[in-house]
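Enquirer: Okay, here's the structure, questions in a sec.
FYI, it's all coordinate maths here, none of it is from the lab. What you see is a predicted model; the values in this text were computed from it and never measured. So basically every Cβ, Gly included, is an ideal-geometry build from the backbone, and we count neighbours across all protein chains shown.
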Amino acid sequence: MKVEVVHGSILDTDAQVIVNAANSLGLMGGGVAGVIKRAAGAEVEREAVHDAPIRVGRAVLTSGGRTKFKGIIHAPTMPEPGMRIPAQNVALATKAALTLADEKGFESVAIPGMGTGVGGVAPAEAARVMVEAVRAFLPRMLKSVVLVDVDPEMVDAWKQQLGQ
């Protein structure tokens, strides 16, 4: 599986599906979730909320709304909005997102830094557990993972973990 690191907006990535670092309630407030909601439309949040509660370690797929993507994977890192979380939640959310993308037959997925905003996980720690989850994943359909973030510290942390 090809792993690419990109500095920029997840909305500009070349992937079939994107990941929202969600909360278990499916609410899309600030951070990456807010950016995705503004681009995709409120209906995407309604779809996610309909499938709630989504426990950490699981993920749900919604439509891509008004975006170019075939879908949005909502992978909770926290049970409720605004919680500080352990890095283990980032690992669980990353694995859940990869698993769902693969099960749904997608060949490419874009994932932002998970848990590094309100979750309070340091970018270096998030990068470590995310890269471990990607390396440990054995895909059937998934061919490409794009790790993408607007934060240069997150991008550098992924590159360091990947030895780039």
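Enquirer: What is the gain in length, in nm to one decimal, between residue 84 and residue 66 on full extension, counting 0.36 nm per residue of separation less the C-alpha to C-alpha distance?
Expert: Extending this stretch completely gives an extra 3.4 nm.
Enquirer: On to the next question. Between beta-carbons, use under 14 Å as the cut-off and find the net charge around residue 88, counting Lys and Arg +1, Asp and Glu -1.
Expert: Neighbourhood net charge equals +2.
Enquirer: Still on this structure, I have one more. Using the basic label-point model (7 angstrom from Cα toward the beta carbon), what is the residue 141 to residue 9 distance in nanometres?
Expert: 2.8 nm
Enquirer: Can you give me the distance in nm between label points at residue 49 and residue 27, each placed 7 Å from the Cα along the Cα-to-Cβ direction?
Expert: If labels sit at residue 49 and residue 27, their model points lie 0.9 nm apart.
Enquirer: Here is a further query. Restricting to lysine pairs 8 or more places apart or on different chains, what number in the chain have Cα atoms under 25 Å apart?
Expert: The result is 21.
Enquirer: What length, rounded to one decimal in nm, is gained on full extension from residue 38 through to residue 164, with 0.36 nm per residue of separation minus their alpha-carbon distance?
Expert: Using 0.36 nm per residue and subtracting the Cα-Cα distance, I get 42.1 nm.
Enquirer: Restricting to the range 2-162, what percent of DSSP beta bridges are antiparallel, rounded to 5?
Expert: Beta bridges within the range 2-162, antiparallel portion: roughly 15 percent.
Enquirer: Filter the DSSP H helices in the chain by two things, a Kyte-Doolittle mean of at least -0.5 and an axial alpha-carbon span of 20 angstrom or more, and list the hits by number.
Expert: In the chain, the long hydrophobic H runs are 87-103.
Enquirer: Hey, another quick one. For log10 I(q)/I(0) by the Debye sum over Cα atoms at q = 0.10, 0.13, 0.16, 0.21 Å⁻¹, the listed values are [x] -0.29, -0.50, -0.79, -1.49; [y] -0.57, -0.81, -0.97, -1.24; [z] -0.36, -0.61, -0.93, -1.54; which was obtained by calculation from the structure presented?
Expert: [x]
Enquirer: Oh, and also: Divide by every residue of the chain the summed helix terms, -39500 (n - 2.57) for each DSSP H run of at least 4, and state the resulting mean residue ellipticity at 222 nm, rounded to the nearest 500 deg cm²/dmol.
Expert: Here the helix-only value at 222 nm equals -11500 deg cm²/dmol.
Enquirer: Next up: Taking the Cα centroid of the range 7-50 and of the range 113-127, what is the distance between the two, rounded to the nearest whole Å?
Expert: The range 7-50 and the range 113-127 have Cα centres separated by 17 Å.
Enquirer: So for the range 2-162, averaging the separation of alpha carbon pairs under 8 Å that are six or more residues apart and normalising by length, what relative contact order in percent results?
Expert: So the answer I get is 30 percent.
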